[in-house]
Structure formats: structure tokens, C-alpha cells
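Chemist: Sharing a structure here in C-alpha cells format.
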Amino acid sequence: MPSAPSQLAYIPFVSVENMMRLVHNFGIETVLLELTDAVEADYRRWDLFEKSPRLASHSKEGVIELMPTSDGEAFSFKYVNGHPSNTAKGFQTVAAFGLLARVDTGYPLMLTEMTLLTALRTAATSAMAARYLAPEHSRVMAMIGNGAQAEFQALAMKAVIGVEEVRLYDIDRSATEKTARNLADSGLRIVSCSSAQDAIEGAQIITTCTADKAYATILTDNMVGPGIHINAIGGDCPGKTELHKDILARAETFVEFEPQTRIEGEIQQMDASYPVTEFWKVLSGDAEGRTNARQITLFDSVGFATEDFSALRYVYSKLPGTDYFQHIDILADPDDPRDLFGMLQRAA
């Protein structure tokens with residue numbers, strides 16, 4: 001008779017259903033606030049992490065990426081795609097899963113869905129940056145692009161920054177209607193707008209999150225006055241931007257990991273000499289964030305592996321004592337580590 005799998009063969013798997021149960025149990029704003037703190041804590045340990053641009057496989061339809069990193073004790077990676085044309089086919093633009101592992105043995109610790117978790121960690125990262133870059137007492141946010149990430153972004157800015165009003169615009173009116181409907185009971189004042197110009201009226205924070213894989217101009221230079229924080233999260237691959245380059249010429253620009261952002265972010269439009277500040281330097285005191293009320297700050301966010309690492313560790317920390325996971329037999333772990341064939345043979 002084959003022996004039962006060892007305990008080391010099993011790891012927790014967090015399904016989409018269980019991720020939703022976890023978020024509802026703790027409350028989405030609590031999760032976003034705690035996740036923001038977790039992302040910031042790891043940014044403060046920046047020097048410990050392995051860092052490299054993500055491995056990307058591009059096609060005319062989109063991109064498939066792997067995003068690995070390690071702090072020397074734990075390792076993580078995320079598989080994620082970005083296919084803007086998927087929406088028209090009834091598919092998600094972004095789908096993802098991720099894994100957390102031990103460095104000392106290489107054994108996985110957790111496998112989880114990351115489509116929902118990526119939306120949560122992206123919103124948390126935006127809110128983390130806004131803590132240091134947005135004007136003081138920011139209460140109005142413009143959300144341009146009302147797709148799958150919009151509600152997460154709005155709720156993170158509410159929970160972390162204290163935003164009270166969100167002004168929505170999307171070229172697809174039904175997307176704005178969807179977002180307004182989903183946020184109706186959020187405690188936010190929701191204003192549906194007829195243009196991007198209308199949406200940014202009175203806003204201290206402008207978030208752009210559109211999906212087209214193209215050099216787009218969502219914001220033109222004349223639309224952006226002094227004292228604004230721009231949270232640009234839609235440009236995340238080569239050939240995909242949202243801001244006119246003249247805005248960048250006036251802004252103080254902050255990035256996650258410069259070598260990756262030069263390839264994928266808004267700054268791909270600019271000369272290699274264009275100055276940027278990696279955000280971790282603001283947290284370490286090596287650079288300043290917002291320095292005055294009239295400054296235009298830009299967080300050119302393309303998403304980076306350390307943020308996924310933070311999100312995975314956060315979820316892993318929430319699992320003990322819950323049933324928000326199931327154990328899956330994912331590792332071949334024979335009683336005698338040299339006798340893998342024997343394990344197979346005894347299973348006949």
C-alpha cells in the first residue's frame with residue numbers, strides 16, 4: 001500500500017472564494033490599510049530585496065509576466081498577464097496567481113490567487129505613495145478609467161488618505177455606472193463626470209488607470225495645475241502611456257524600480273537623463289517627497305515584485321486559525337528523499 005503524503009507535501013492554497021471570504025471577514029478597508037502598512041514596511045527594507053525588471057513575454061494581444069523577488073528568508077513570484085482586448089471577449093484584462101516559499105529549503109509555503117490580491121496591493125501601493133506625495137488634507141480624487149481597479153483605488157485612498165469625494169470618468173459610460181453603483185454605500189461622495197477635464201475639477205489626487213496598450217494621452221499639460229498629485233498606474237508595459245510628456249517635464253517624478261519603469265512607465269517617453277526618484281529613498285530619508293503646496297508630484301507606478309511579496313506575506317499571516325485555505329498535495333516528498341522512484345512504484 002502506498003504511504004500517505006508527508007505533511008511537508010501539503011501547502012495552503014487560497015482560492016478566489018477563500019480570498020473573498022478573508023477580505024469580507026476582516027473588512028476591505030481594514031485589509032487595504034493593513035496592506036498599505038505592509039507594503040511600506042517592505043519598502044523600508046529595500047536593500048534586502050533582490051531586484052530586477054520582470055520577465056515579460058509580449059505579443060500583439062498583450063503580455064505575460066513573471067515577477068520574482070526575495071528578502072533572503074522568503075521568496076515569492078507572481079504570474080500575471082495584461083491583455084486589454086480580453087474585456088471584449090468576456091475575460092479579465094489581468095489574471096494572476098502567486099507563490100510564497102522558504103529560502104532555506106526551497107519548499108513552498110503558500111499558493112494563492114492573485115487577481116483580487118493584485119488589485120488590493122496596487123491600491124495599497126498607490127495609497128502608500130500618496131501618504132508622502134499628495135497635498136496635505138487631500139479630500140477629492142479623480143478616477144480616470146473605471147475598470148476593474150477603480151473601486152479598490154478609491155477605497156484605499158479613503159481608508160489611508162481620508163479622501164471623501166471621488167470623481168469618475170471613463171470613455172465607456174457603463175464602466176462609470178458600474179463603479180458608481182459599487183461605491184454607492186462606501187461612504188464616499190461619488191460624482192460621475194462627462195469628461196476627464198470635468199473629473200479633475202477640484203481634485204487634489206488624480207489617478208489614471210486605463211487599459212489600452214497604446215501611447216495614449218489621458219491627461220494633457222493644460223489640464224494639470226499646480227499642487228496636484230498624479231497617481232499613474234495604467235502605463236505598465238512598453239508602448240503604453242497615459243500622460244503627455246509635457247506634464248512629466250513639470251512634475252517631480254517618483255518610481256518603484258527605475259530600470260523597470262524606464263522600460264514600462266510614463267518615463268519611457270523621456271530622455272534617459274530625465275530625473276526620477278525611487279520611492280524607497282523618500283522613506284529612508286535619502287530624498288524628499290512633496291516639498292511645497294504648489295508642486296506637481298507624479299507616482300509613475302508600473303507594479304513591482306516587492307509589492308507582491310508584501311501582499312503574499314500579508315495573506316499568509318492571516319491564515320492561522322482560519323479556514324480561508326485548503327491544503328493541496330503539491331510536493332513529491334518521499335520518506336527517503338533519495339527514493340523518489342520508490343514512492344512512485346509503491347503507488348501502483
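Chemist: Name the single residue, out of those in the stretch 121-147 being β-branched (V, I, T) and within 18 Å of the chain's Cα centre (by Cα), that is nearest to D37 (Cα to Cα).
Modeler: T125
Chemist: Let me ask you something else. Give the residues of the stretch 284-306 that are part of a helix (DSSP H, G or I) and crowded, with 18+ Cβ neighbours inside 10 Å, sorted by residue number.
Modeler: Within the stretch 284-306, A305, T306 meet the criteria.
Chemist: Could you please let me know if Y274 is under 28 Å from R21 (Cβ atoms), modelled with pLDDT of 95 or more, of a type in the set (F, W, Y) and not in a helix (DSSP H, G or I)?
Modeler: no
Chemist: Sticking with this one: Output the helices (runs of 4 or more DSSP H) that fall wholly within the stretch 1-91 and possess 2 or more residues being under 21 Å from L117 (Cβ atoms) and either over 16 Å from the mean Cα position of the chain (by Cα) or in the same structural domain as A130 (by TED's automatic domain parsing) (or both), or say none.
Modeler: Working: elements: 16-26, 28-43, 86-89.
Because the criterion is at least 2 residues that are under 21 Å from L117 (Cβ atoms) and either over 16 Å from the mean Cα position of the chain (by Cα) or in the same structural domain as A130 (by TED's automatic domain parsing) (or both), the helices (runs of 4 or more DSSP H) in the stretch 1-91 that meet it are 16-26, 86-89.
Chemist: Another question about this same structure. Could you please give the count of residues in the stretch 91-114 that are within 18 Å of K318 (Cβ to Cβ) and not hydrophobic (A, V, I, L, M, F, W, C)?
Modeler: Qualifying residue count for the region: 4.
Chemist: Here's another thing I want to ask about it. Filter the stretch 252-275 down to the residues that are of a type in the set (A, V, I, L, M), surrounded by 16 or more Cβ atoms within 10 Å (Cβ to Cβ) and over 16 Å from D236 (Cβ atoms) and list them by number.
Modeler: Correct list: M270 only.
Chemist: Of the residues L319, L312, L248, which single one is closer than 29 Å to H137 by Cα and surrounded by 14 or more Cβ atoms within 10 Å (Cβ to Cβ)?
Modeler: Going through L319, L312, L248 in turn, the sole match is L248.
Chemist: As an exercise: evaluate V16 against (1) surrounded by 15 or more Cβ atoms within 10 Å (Cβ to Cβ); (2) closer than 23 Å to G321 by Cα; (3) touching an Asp or Glu at 6+ places or on another chain (Cβ under 6 Å); (4) of a type in the set (V, I, T) and give the number of the one condition it does not meet.
Modeler: Tallying (1) surrounded by 15 or more Cβ atoms within 10 Å (Cβ to Cβ); (2) closer than 23 Å to G321 by Cα; (3) touching an Asp or Glu at 6+ places or on another chain (Cβ under 6 Å); (4) of a type in the set (V, I, T), V16 fails exactly one: (1).
Chemist: When S317 is evaluated against the numbered criteria (1) in the same structural domain as V94 (by TED's automatic domain parsing); (2) in contact (Cβ under 8 Å) with a residue 60 or more places away in the chain, which criterion, by number, is the only one it fails?
Modeler: For S317, the exception is condition (2).
Chemist: Filter the stretch 222-263 down to the residues that are without any contact (Cβ under 8 Å) to a residue 24 or more places away in the chain and within 20 Å of the chain's Cα centre (by Cα) and list them by number.
Modeler: Scanning the stretch 222-263 gives E258, R262.
Chemist: Quick one: in the stretch 233-265, which of the residues that are acidic (D, E) and part of a strand (DSSP E or B) is nearest to M67 (Cα to Cα)? Show your work before the answer.
Modeler: Of all residues in the stretch 233-265, those acidic (D, E) come to 236, 242, 246, 252, 256, 258, 264.
Narrowing further to those that are part of a strand (DSSP E or B): 242, 252.
Details: E242: 23, E252: 27 Å.
Selected residue: E242.
Chemist: Name the residues in the stretch 320-348 that are outside any loop (DSSP other than H, G, I, E, B), of a type in the set (A, V, I, L, M, F, W, C) and either under 17 Å from M20 (Cα atoms) or touching a residue at least 40 places away in the same chain (Cβ under 8 Å) (or both), would you?
Modeler: I328, M343
Chemist: Here's another thing I want to ask about it. Among what's in the stretch 145-158 and is among the hydrophobic types (A, V, I, L, M, F, W, C) and free of Cβ contacts under 8 Å to residues at least 60 places away in the same chain, pick the residue that is farthest from G234 (Cα to Cα).
Modeler: Restricting to residues being among the hydrophobic types (A, V, I, L, M, F, W, C) and free of Cβ contacts under 8 Å to residues at least 60 places away in the same chain, the top hit is M157.
Chemist: Okay, next question. Just need a number here: residues in the stretch 103-121 that are surrounded by 24 or more Cβ atoms within 10 Å (Cβ to Cβ) and either of a type outside the set (A, V, I, L, M) or over 19 Å from L66 (Cβ atoms) (or both).
Modeler: 4
Chemist: For the stretch 115-157, enumerate the residues that are assigned by TED's automatic domain parsing to the domain that holds S186, among the basic types (K, R) and part of a helix (DSSP H, G or I).
Modeler: R131
Chemist: When the residues of the stretch 277-320 are narrowed to those that are within 21 Å of K78 (Cα to Cα) and among the aliphatic types (A, V, I, L, M), which ends up modelled with the lowest pLDDT?
Modeler: Restricting to residues being within 21 Å of K78 (Cα to Cα) and among the aliphatic types (A, V, I, L, M), the top hit is V302.
Chemist: Can you tell me which of (1) crowded, with 23+ Cβ neighbours inside 10 Å; (2) assigned to a loop (DSSP other than H, G, I, E, B) is the one G227 doesn't meet?
Modeler: Single failed check for G227: (1).
Chemist: Let me ask you something else. Would you pick out the residues in the stretch 159-211 that are surrounded by fewer than 15 Cβ atoms within 10 Å (Cβ to Cβ) and either in contact (Cβ under 8 Å) with a residue 40 or more places away in the chain or outside any helix (DSSP H, G or I) (or both)?
Modeler: G162, E164, I171, D172, A184, D185, G187, R189, S194, S195, E201, G202
The values are calculated or read from the model by the stated rules, or taken from the named source; none is laboratory data. Being a predicted model, the structure only gives us computed values, none of them experimental. Methodologically, a virtual Cβ is constructed for each residue, glycine included, from the backbone with ideal geometry; neighbour enumeration extends over all protein chains shown.
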